[in-house]
Amino acid sequence: MNKALEHYLLRLADTALTQSQRLAEWCGHGPFLEEDIALTNVALDLLGHAKLLYEQAAEISDRDVSADDLAFLRDVDAFKNPLLTELPRGDFAYTTLKQYFLDQFNVLLYAALKDSQYEPLAEIATKALKETRYHITRSRDWCLRLSLSTDEAKQKIQAALDDLYFYTPELFETDDDLNQLIAESIMPDLSVLKEHWQGQVDELLNECQLQVPKSGWVATGGLRGEHSEHLGYMLDDMQFLQRAYPGCEW
Amino acid sequence: MYSQGLQDAKGGPEPEGLLKAFQKRIDNEEKIEPRDWMPEAYRKTLIRQMSQHAHSEIVGQLPEGNWITRAPTLKRKMILLAKVQDEAGHGLYIYSATETLGITREEMTRQLLSGEAKYSSIFNYPTPSWADMGAIGWLVDGAAIMNQVPLCRASYGPYARSMIRICKEESFHQRQGYDIMTTLARGSNAQKKMAQDALNRFWWPALMMFGPSDKDSKHSVQSMQWKIKRFSNDDLRQKFVDVTVPQAEHLGLTIPDEDLKWNEERGHYDFGEIDWDEFINVIKGNGPCNKERLRARQKAHDEGEWVRKAAEVYQQNQRDAA
């Protein structure tokens, strides 16, 4: 079971870390001060989740690794996040919608993981859920603000939706390891989660009066370590010091 | 007479009686609050100093924000992210306090972007190495604390109160910087070198943070009288040197000043002459990163325009619908 668990913990941790990394790029560059602070706040929360998840993954791993080793010394093909979270930060509409899709997923996921048969994960989920509820309030509000205000904002968020929509099915992908964990009630059935997620998302997009794109390339591969071109550059940046000065304390 | 030459907002002389009463309140250590009468020059001095302070927090996000995506561990990344966020929070806090003096945040932002308003010259130096995160926390935040602790007792209430909160966070910032330096100084040769190099680059700019020498400081006398300022630039600078030199020794790092020497008689460290030409040049806009920093702020402001507009229009729509 440990192998499957480690795999899933890394899926969750890598998702939180890559999302946090993109949000952190806004620090000092936000559209106004309050929002600069809010974006950083969400980045910090996600980084906190990532840290807890990596620590747990390191703890159960057969290999002698630390949480930092997992974050800073794995290459692209070992990262398991969905492609959605490695996409560049884009403009504020793009960041907002990306965040909303993930928040909507995380709210449902962590609410379910709270009852996980695997106690350490249930504990992390309880903490993460509290914070994610704040995140979704914010990202949802911003989706509405951007969609129902000026033509320019509406165009931008519609363009973001066109680009991002088909990155979302990947959030619900599973593999043999995950299916095993679902069978053991360690994680929820993602197909059930997907129905809830879709319902909530449809409702909001409808309220926003946005047009869901009809077709597009459907992202896949993160769980298998198959990523876009963007992740390499992100890791390049993030892992620079650990790679350039191996074996140091920081 | 302390009131000589003070003009009101219309350029006329300030009423003598009010001025006397005002100074008396200050001498009695009473706080001046936004609705109280105050001389126009007091208001202007505060707006200049406080907005400069707020701008410094905001521009100060940039040299450190530069390393958030590259911080070497999860813990360091969290601390740095939280620290830079604190700075944004300080900026917000001080902008709000400054608005109580009758200036809007939009106007202050305009002044920053047009170059009319200044910010601390230290943020015009680059941060090419991770050790700079240590040096900034240790030296720059250390110097800021020296400057800011007395401001907790500044005569203007909103400023003093905001500084109390800010100083608490600054001392955490200073400690995390020193902690980075300690780790590097105890680390590999490359890390020690990194730490020494950061100290070499940030030492003199940190000393410059206390402003011009007392003999050249044009705002000092009046500000002291109004208790916006409690200690002279040179006194604070000396205090900073006295506190910091033993810390550097503890780290096993060398302060880049050949004239630095303990003076038994004075009970203080003697130190070399600051390169004031460099200081003036950086203030004038010719530091290594002045253009870059302002350009980054301008870019964020321009790119945020449509977002701010959208928020405004949405709010108006909501109000109209209600």
### Task
Could you check, for the range A:142-150, whether at least one of its residues is more than 14 Å from chain B (Cβ to nearest Cβ), under 23 Å from A:LYS214 (Cβ atoms) and among the aliphatic types (A, V, I, L, M)?
no
### Task
Sort out which residues of the range B:76-86 are more than 7 Å from chain A (Cβ to nearest Cβ) and open to solvent by less than 10 Å² (accessible area, probe 1.4 Å), and write them in order of number.
B:LEU80, B:LYS83
## Note on the structure
Flagged in the range A:6-19 as open to solvent by 10 Å² or more (accessible area, probe 1.4 Å) and over 13 Å from A:LEU223 (Cβ atoms), in numbering order, are A:GLU6
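Just need a number here: residues in the range B:124-140 that are assigned to a helix (DSSP H, G or I) and either out of contact with any helix residue (DSSP H, G or I) (no Cβ under 8 Å at 6 or more places or on another chain) or closer than 22 Å to B:VAL243 by Cα (or both). Steps first, answer last, please.
Within the range B:124-140, the first condition is being assigned to a helix (DSSP H, G or I), and the residues that meet it are B:124, B:131-140.
Still in the running and either out of contact with any helix residue (DSSP H, G or I) (no Cβ under 8 Å at 6 or more places or on another chain) or closer than 22 Å to B:VAL243 by Cα (or both): B:131-140.
Total satisfying the criteria: 10.
Just give me the residues in the range B:280-300 being more than 8 Å from chain A (Cβ to nearest Cβ) and open to solvent by less than 60 Å² (accessible area, probe 1.4 Å), in sequence order.
Passing the criteria: B:VAL282, B:GLY285, B:GLY287, B:CYS289, B:ASN290, B:ARG293, B:LEU294, B:ARG297.
In the range B:243-264, which residues are assigned to a helix (DSSP H, G or I) and free of Cβ contacts under 8 Å to residues at least 60 places away in the same chain?
Once the filter is applied, which keeps residues that are assigned to a helix (DSSP H, G or I) and free of Cβ contacts under 8 Å to residues at least 60 places away in the same chain, the range B:243-264 yields B:VAL245, B:PRO246, B:ALA248, B:GLU249, B:HIS250.
Give the residue that is nearest to A:GLU170 (Cα to Cα), with candidates limited to residues of the range A:202-214 that are in contact (Cβ under 8 Å) with a residue 40 or more places away in the chain and not β-branched (Val, Ile, Thr). Before the answer, list the steps.
Pass one, the range A:202-214, residues in contact (Cβ under 8 Å) with a residue 40 or more places away in the chain: A:204-205, A:207-213.
Now drop any that are not not β-branched (Val, Ile, Thr), which leaves A:204-205, A:207-211, A:213.
On the way: A:LEU204: 20, A:LEU205: 19, A:GLU207: 24, A:CYS208: 23, A:GLN209: 24, A:LEU210: 21, A:GLN211: 20, A:PRO213: 16 Å.
Residue satisfying both the conditions and the ranking: A:PRO213.
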### Test result for B:ALA321, hydrophobic (A, V, I, L, M, F, W, C), closer than 30 Å to A:LYS154 by Cα and either open to solvent by 40 Å² or more (accessible area, probe 1.4 Å) or away from chain A (no Cβ under 12 Å) (or both)
yes
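How many residues does the range B:105-123 hold that are outside any helix (DSSP H, G or I) and in contact (Cβ under 8 Å) with a residue 24 or more places away in the chain? Talk me through it step by step, then tell me what you get.
Going through the range B:105-123, the residues outside any helix (DSSP H, G or I) turn out to be B:115-120.
Imposing the further condition that a residue be in contact (Cβ under 8 Å) with a residue 24 or more places away in the chain reduces the set to B:115, B:117-120.
Matching residues across the range B:105-123 total 5.
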#### Entry: Which listed residue is within 23 Å of A:GLU25 (Cα to Cα), facing chain A (nearest Cβ under 9 Å), assigned to a helix (DSSP H, G or I) and of a type in the set (D, E, K, R), from B:GLU64, B:GLU57
B:GLU64
### Query
Picking from A:LYS51, A:LYS3, which residue would you name as being outside any loop (DSSP other than H, G, I, E, B) and surrounded by fewer than 21 Cβ atoms within 10 Å (Cβ to Cβ)?
A:LYS3
### Task
Determine whether B:THR73 is touching a Phe, Trp or Tyr at 6+ places or on another chain (Cβ under 6 Å) and within 9 Å of chain A (Cβ to nearest Cβ).
yes
### Query
When the range A:32-48 is examined, which residues are found to be facing chain B (nearest Cβ under 8 Å), over 30 Å from A:ASP177 (Cα atoms) and open to solvent by less than 10 Å² (accessible area, probe 1.4 Å)?
A:ASP36, A:THR40
### Message
So, A:LEU9, is that one more than 7 Å from every other protein chain (Cβ to nearest Cβ), part of a helix (DSSP H, G or I), over 26 Å from A:LEU146 (Cβ atoms) and aliphatic (A, V, I, L, M) or not?
### Response
yes
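The values are calculated or read from the model by the stated rules, or taken from the named source; none is laboratory data. These numbers were taken from a predicted model, which means no experiment stands behind them. FYI the Cβ positions are ideal-geometry reconstructions off the backbone, even for glycines, and counts take in every protein chain you see. These accessible areas exclude ligands, DNA and RNA; they are computed on the full protein's heavy atoms, side chains included. Shrake-Rupley method; radii C 1.70, N 1.55, O 1.52, S 1.80 Å.
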